[in-house]
1. Residue by residue through region 80-88, which ³J(HN,Hα) values in whole Hz follow from phi under the Karplus form 6.51 cos²θ - 1.76 cosθ + 1.60 (θ = phi - 60°), with glycine and proline marked x?
2. Taking 0.36 nm per intervening residue step and subtracting the Cα-Cα distance, what contour gain separates Ala49 from Glu104 on full extension?
3. Note down the net charge around Asp97, summing +1 for each Lys or Arg and -1 for each Asp or Glu among other residues with Cβ under 13 Å from its Cβ.
4. May I ask you to evaluate 6.51 cos²θ - 1.76 cosθ + 1.60, the Karplus curve with θ = phi - 60°, for each residue of region 46-57 and list the ³J(HN,Hα) values in order in whole Hz, giving x for glycine and proline?
5. Add +1 for every Lys or Arg and -1 for every Asp or Glu among the other residues with Cβ under 10 Å from the Cβ of Ser53, and state the total.
6. Please compute the Kirkwood hydrodynamic radius over region 86-140, one decimal place, Å, based on all pairs of different Cα atoms.
7. Enumerate the amide H contacts of Ser102 below 5 Å, restricted to partners 5 or more residues apart or on another chain; note that Pro and chain-start residues carry no placed amide H.
8. Using alpha carbon coordinates only, what is the Rg to Rh ratio of region 1-58, with Rh defined as the Kirkwood radius?
Amino acid sequence: LNVGVDMLNHLLAHIWRGALLDTTFDGQDPESPTADLTMGIIAGAAAPALLDSFRENSPISVRTEALLQPTVRFEDPQSFNLNLGIGALKMYLSAIDTQGQSREWGVFEVSGDITATPGIDGLALTLTAQTELNFEVISAPIVPLQEDVFSNFMQSIVDGLIRSGLDSAISQIIDLESLDLFGLRLQQIYLQRLMGAPSYLQISIAFDTIQ
């Protein structure tokens, strides 16, 4: 199986055009990844004066809007690392105020890189990531935000979400150790870069017969 950068970028184009990167994480939903992130936690980094308008236990809701299509490329001809470039991803942050109304209190624009590294763990493909993102305050309609402090805070939050998502939920992308394919059993998975085809990653799978 050859995985090409052009194919991945084509897939990202469809995802972006279909607005699948434009989503909302409702902090009032207990299943939301932002459900445990409250104004009491975030106001210290963003602006303590926000607590004049919001309760400390009010959960954060986040709405995203991707203005540009993300793009992917290999970092270098020998590396397995895939670099995902993000530009002009807007994040709208809101919460329920002391009057019980949903109010937007911050808009950020996120840009930067996520480096994803595929690997092998036993008979499973894995994926880990490192992020290098920039956060710029676009709007602060209630009180001015401490941009540098809050940007660093948001970097750690987003970095943690991405890493935990990949390392725990998505890291075991495929695990065929116990799969019986008509008497064939997965024996080994290989990753390699193709000579003369710098934009491709080859995934090879070896099988043997089940005794």
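1. Taking θ as phi minus 60°, the curve returns 7, 5, 9, 9, 9, x, 10, x, 6 Hz for region 80-88.
2. Details: separation 55, 0.36 × 55 = 19.80 nm, distance 1.46 nm.
Residue separation times 0.36 nm, minus the Cα-Cα distance, leaves 18.3 nm.
3. Values: positive: Arg55, Arg103; negative: Asp52, Glu56, Glu104.
Once all neighbours under 13 Å are counted, the net charge is -1.
4. After applying 6.51 cos²θ - 1.76 cosθ + 1.60, I find 7, 5, x, 5, 4, 6, 6, 10, 10, 6, 4, 8 Hz.
5. Numbers: positive: Arg55, Arg103; negative: Asp52, Asp97.
So the environment of Ser53 carries a net charge of 0.
6. Values: mean 1/r = 0.0717 Å⁻¹.
One over the average 1/r among Cα pairs gives 14.0 Å for region 86-140.
7. Under 5 Å from the amide H of Ser102 lie the amide H atoms of Asp97, each far enough along the sequence or on another chain.
8. On the way: Rg = 18.5 Å, Rh = 14.5 Å.
With Rg and the Kirkwood Rh in hand, the quotient comes to 1.28.
Rule-based calculations on the coordinates, nothing more; no lab input. Keep in mind that what you see is a predicted model, and the values were worked out from it rather than measured. When we count neighbours, we look across all protein chains shown, and the Cβ atoms used for this are built from the backbone with ideal geometry, even at glycine.
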